[in-house]
Amino acid sequence: MVHLILRASLPTLLGFVISYSCFAQPVNRIRKVVDAGVAFKDNGLNISFLNNQYLKIDRQGLLQIGWGLRVAHVQGSSLDFITAPAKLTTGKTGFASLSAPLLLRQIDTLQIKTGITFLNFNLGVQVVLFDRLDIGVNADIIGFALGTKRSGYYLGSRGYSTADSLNIHQTYQEAKPAHFNLQLLGDNALGSLNSEVYARLRLTQRVGIKVGYLFAINEYKTTQPLVDDNRRFRFRSQMLYLGLSFPIYN
C-alpha cells in the first residue's frame, strides 16, 4: 500500500519542486558592461575604460541607474590651462559662481604639454530601447590623478604690474597634475573629471558600439604660487567619443 502511494505521489511531488524552483529563482536586475574608447579634438586625446553596472529600476528594465569606475588618460601638446579657482574666475564660490560672469582680468594662462592618468568613481542613468539601444549620461564624482611634473609657459593677463610683483609674467613654471578629483559643479570642481552623453548599440550578445560627446576638465597645479597666490589651472574640452562595449554575463 505504501509503495503504491509513493508511486502515485512522486510525479506530483516532482512537479511541485520544479515549479517552486522556477518561481523562487531570482530575476537578475543587474547589467554589467565594459566600455573602451577614445575622445579626440584638435591636439587633445582622451582615452578611457569604463567598468559599470546598471540596476534595472522597472520590471522591463527601460530605466537603469549605473555606477562604476572609469580609468582615463589625457594627453595633448601645448594646451592652454586657465586660472581654475571659482573665487578668482568669477569672484564667487559655491552655487553663486555657477551663474556669475567670468572676470577676464583675472584669467591667467599656463601653456603646458599634458599627460594625466586618473581613476574616478562615476554615476549615471540610461534608458534602454528595443532591448538593444542604450541612451544615457554619466559623470565622474570622485577619484585621484597621477602624472609627471612638467614645465609650462605662464602668461599673466595683467602682464608686468603691481599684481605681478614677482615678475613671473611670460616665464616657465613647473606644474604637476592635481591629485584629488571631486565633482562640485562649474569652477568649484577639483582635478580631472569626465562626463559624457552617449548611445550604446549592442550588435551581438558579446559586443556593441558606443558613440557620444565627452565633457572633460583637467587640472595642473604649479609648484609655487603665482599672481593672486594662485597655483591651480584648468583645461576644459568637449570631444566626440567613439568606442566599443562588451557586456559581461554572470
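The values are calculated or read from the model by the stated rules, or taken from the named source; none is laboratory data. All figures in this text were calculated on a predicted structure; none of them were measured in a lab. With ideal geometry, Cβ positions are generated from the backbone for all residues, glycine too; neighbour counts draw on all protein chains shown. Just the protein is used for accessible areas: all its heavy atoms, side chains included, with ligands, DNA and RNA removed. Shrake-Rupley method; radii C 1.70, N 1.55, O 1.52, S 1.80 Å.
Each label point is 7 Å from the Cα along the Cα-to-Cβ direction; what then is the distance between the points at LYS221 and LEU146, in nm?
1.7 nm
What aspartates and glutamates does LYS113 reach when the alpha-carbon gap must be under 19 Å and sequence neighbours fewer than 8 apart in one chain are set aside?
ASP42, ASP80, GLU174, GLU219
Pick the calculated Cα extents along the principal axes in Å for this structure from (i) 55, 46, 41; (ii) 109, 33, 29; (iii) 80, 47, 33?
Checking each listed value against the structure points to (ii).
Roughly how many percent of the accessible protein surface of segment 164-234 is carbon and sulfur, given a 1.4 Å probe and a whole-percent answer? Kindly include the intermediate steps, with their values, before the conclusion.
Values: 1860 of 3210 Å².
Answer for segment 164-234 is 58 percent, counting heavy atoms of protein chains only.
Which value, in debye to the nearest 20, gives the size of the charge dipole of the chain about its Cα centre, when Lys and Arg are +1 and Asp and Glu are -1 at the Cβ? List each step's numbers first, then the result.
On the way: 26 positive and 15 negative charges, 121 e Å.
Magnitude of the dipole: close to 580 debye.
According to the Cα gyration tensor, what semi-axes, each the square root of 5 times an eigenvalue, does the equivalent ellipsoid of segment 25-133 have, listed from largest to smallest in whole Å? Before the final figure, lay out each step's value.
Working: eigenvalues 276, 83, 26 Å².
Sorted largest first and rounded, they come to 37, 20, 11 Å.
Can you give the accessible area per residue of segment 100-250, in Å², using a 1.4 Å probe?
50 Å²
Computing the accessible area with a 1.4 Å probe over protein heavy atoms, can you report the carbon and sulfur percentage for segment 47-128?
Taking all protein chains in place, segment 47-128 shows 64 percent carbon and sulfur surface.
Please give the FRET efficiency for ARG206 paired with VAL137, using the beta carbon to beta carbon distance and R0 = 25 Å, rounded to the nearest 0.05.
According to the calculation, E is roughly 0.50.
Which translational diffusion coefficient, to the nearest whole µm²/s, is obtained for segment 70-109 from the Stokes-Einstein equation, given a Kirkwood hydrodynamic radius over C-alpha pairs, 10 °C and 1.306 mPa s?
Numbers: Rh = 11.8 Å.
For these conditions, the coefficient is 134 µm²/s.
Ranked highest first by the average count of other Cβ atoms within 10 Å around their residues, in what order do 177-186, 238-247, 136-145 fall?
136-145, 177-186, 238-247
Could you name the lysines whose alpha carbon sits less than 17 Å from that of LYS210, not counting residues in the same chain fewer than 8 places away?
LYS32
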